[in-house]
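Heads up, the thing below is written out as structure tokens.
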Amino acid sequence: MSTNKVISELEQRVASLEAALVEARNYSGTWERIFKESYWGIMVCDAITDELIKVNICYAEMHGYSISELLGKTIYDVFAPEYHSDLPEIIHRIHDHGHHEYNSVHIRKDGSCFPVHTDSYEVTVDARRLRIVSVWDITESELKEKELCQYRESLEELVRSRTRELEHSNEQLRMEIIQRKAAENELAITNQRIINTMESISDGFITINRQWIITFVNKAIVKVLVENGIHDNFIGTNFWEVYPHVNRKIIDDNCLKVMKEGQPKRFEAFVTQIGQWLEISISPTESGISIFSRNIDERKKIEKAVEEEHQRLYSLFHSFPGLIYVQEDNHNIRFANSNFQAKFGPYEGKPCYEVIVGLNTPCSDCLHRIDTKDFKSRWKEVVFDNRFYEVYAQPFTDADGSRLVFKVLLDITERKNADRELARLERLNMVGEMAAGIAHEVRNPLTTVRGFLQLLTTKENTKQYQEFYELMIEELDRANFIISDFLSLAHDKTFDFELTNISEMVRNLFPLLAADALNQDKEIILELEQVPDILGNINELRQLLLNITRNGLEAMPVGTILTIQTLRVEEDIILRVCDQGAGIDPVIFEKLGTPFMTTKDQGTGLGLAICQTIAVRHHAVISYESNSSGTTVTVKFPGVK
């Protein structure tokens, strides 16, 4: 064979191979496009290892993975665990027959399962066994199949049911005819019984059709109308003609409304034609309306008597000096007298704890529901707005069955103050008796001892003990000062009273007070008004001011200010001392003025007690106000009349 011929054949073969290659590429591209764009999930796996080699996007989305996440997984990773035991049998059939279709359940990435139909082929490519699997989700088709099956079953059951119904229909119809005849007879008997009942009752009863024609009137109505001069045959007549003089407004507002709207009405009316109070109930019926009327004259009299009794009771409550209110089971106030309203304001629809003490929740002793059986009346004391109240509580059950508590609040603040003042006076009286009994007896030996100590201080051989003698004399003087305080408590009569001006007294003492304040690195400010004179003992009033002022200075830290004020309030003269201390302990506050009660290391506890005694002798009142920013002591003197 010539060389040219061989070359020509080779060129033809090359051209043929290139054409076949192009055709193969086109064919491969077509299948690649089908693989990627198919609406079925398509997967290629190794038939030996079951490893997924290639999947299309539909298969990946069906299982909730990306394509890259699926590659390298096995078919066991996408089958539901309960189907793993079936896989060896399925793979064996695919290998033996080259093809197998079956239904199974796959599992998504999120763990949810879904039914699928699978079509599998096994092929060999380049001596490698591959399995090509196409999968589609049959969830919807299974649901439809299930619905179709249920529909078919229900249809069959319906046919059977209809057949049974038809079989019994004739028997039922026959029984219904018999029962209807029996019911008609029973209805006739019942209607007669109802008519007999309506005729026998003492209440009036009328039935009216939609043309306002009276279709039934019982004997009670006939009797009342006959007694009032109406003797016509009422059945079959027009309702408006029979009752021409009755209050037409009530009929217009009620009878016509019931006939039109079909809603029952009940009301009370005084019928002038028969001179009676009636309770009238109008009800709609199929053919019109029915009217019941009942004489309530006696009830009205009782209601009037009850109302008058209520008014008398309310008048009594409103005139009572205490604060009276009635509390419901839910703590709301149902009634309160005028004194309660004047003290706490409006109460309607509000709970007692909000009205009285301004709380958002019930008080601790009101948390439990009212038990009228075990709950007994009781007295207790409470404090509102710095006022003492004695509270009386008595549970009872109202006429409507509701559980209520009747409570009375009595303001006993003045009584408490009087008791406290009486106790203080008794203590002062006791101290005074003690002072009167022992002060002079103690002072005499003290004077003797002090004289001998002064004598010893003049001796040359005792000069070395001079300091001790002076200390002992100072302590004796202090003891003598305490005895003088005792004696001042013992004074119980007014003497040497003259016209004295409080403002002038404060100005005269100011240099002494200012010096005390300066020594303690504190300051005193005067805010004095021109006030009228009062009757008093100037020495006792100076002692009163000195005691109160020095107490205030001792209670204040360095660098603070004490203010002394005088002013006139109506007919009273006010002396007020305001310090900037830390305030008084609440426990101590209640005991202010008690003899021997002191918070000072060197105090006698008689300073405020003496002030109280001086105030009583001058018919004055001392009051205290204290908080964390300081204490204010106010002395109120009566003006000269």
Selection status of LEU173, more than 25 Å from SER290 (Cβ to Cβ), in a helix (DSSP H, G or I) and not assigned by the TED database to the domain that holds SER290: yes
Taking the range 535-555, which residues are outside any helix (DSSP H, G or I) and surrounded by fewer than 22 Cβ atoms within 10 Å (Cβ to Cβ)? LEU535, ASN537
Which numbered condition in (1) touching a strand residue (DSSP E or B) at 6+ places or on another chain (Cβ under 6 Å); (2) in a helix (DSSP H, G or I); (3) free of Cβ contacts under 8 Å to residues at least 24 places away in the same chain; (4) not polar (S, T, N, Q) is the only one that LYS146 fails? (1)
Whichever residue in the range 316-342 is assigned to a helix (DSSP H, G or I) and at pLDDT below 80 and, among such residues, is least open to solvent (accessible area, probe 1.4 Å): PHE317
Residue check, ARG568 open to solvent by 30 Å² or more (accessible area, probe 1.4 Å) and closer than 20 Å to GLY630 by Cα: no
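Can you find, within the range 245-261, the residue that is modelled with the lowest pLDDT among those that are loosely packed, with under 12 Cβ neighbours inside 10 Å and either out of contact with any Pro (no Cβ under 9 Å at 6 or more places or on another chain) or more than 22 Å from SER287 (Cβ to Cβ) (or both)?
Looking only at the range 245-261, we keep the residues that are loosely packed, with under 12 Cβ neighbours inside 10 Å, and these are 245, 249, 252, 260-261.
Then keep just the ones that are either out of contact with any Pro (no Cβ under 9 Å at 6 or more places or on another chain) or more than 22 Å from SER287 (Cβ to Cβ) (or both); that gives 245, 249, 252, 260.
Working: HIS245: 48, LYS249: 66, ASP252: 66, LYS260: 86.
Among residues in the range 245-261 that are loosely packed, with under 12 Cβ neighbours inside 10 Å and either out of contact with any Pro (no Cβ under 9 Å at 6 or more places or on another chain) or more than 22 Å from SER287 (Cβ to Cβ) (or both), the one modelled with the lowest pLDDT is HIS245.
The values are calculated or read from the model by the stated rules, or taken from the named source; none is laboratory data. Small disclaimer: the values here were computed from a predicted structure and weren't measured. Ideal geometry is used to build each Cβ from the backbone, glycine not excepted, and the neighbour counts take in all protein chains shown. Surface areas here come from the heavy atoms of the whole protein model, side chains and all, with no ligands, DNA or RNA. Shrake-Rupley method; radii C 1.70, N 1.55, O 1.52, S 1.80 Å.
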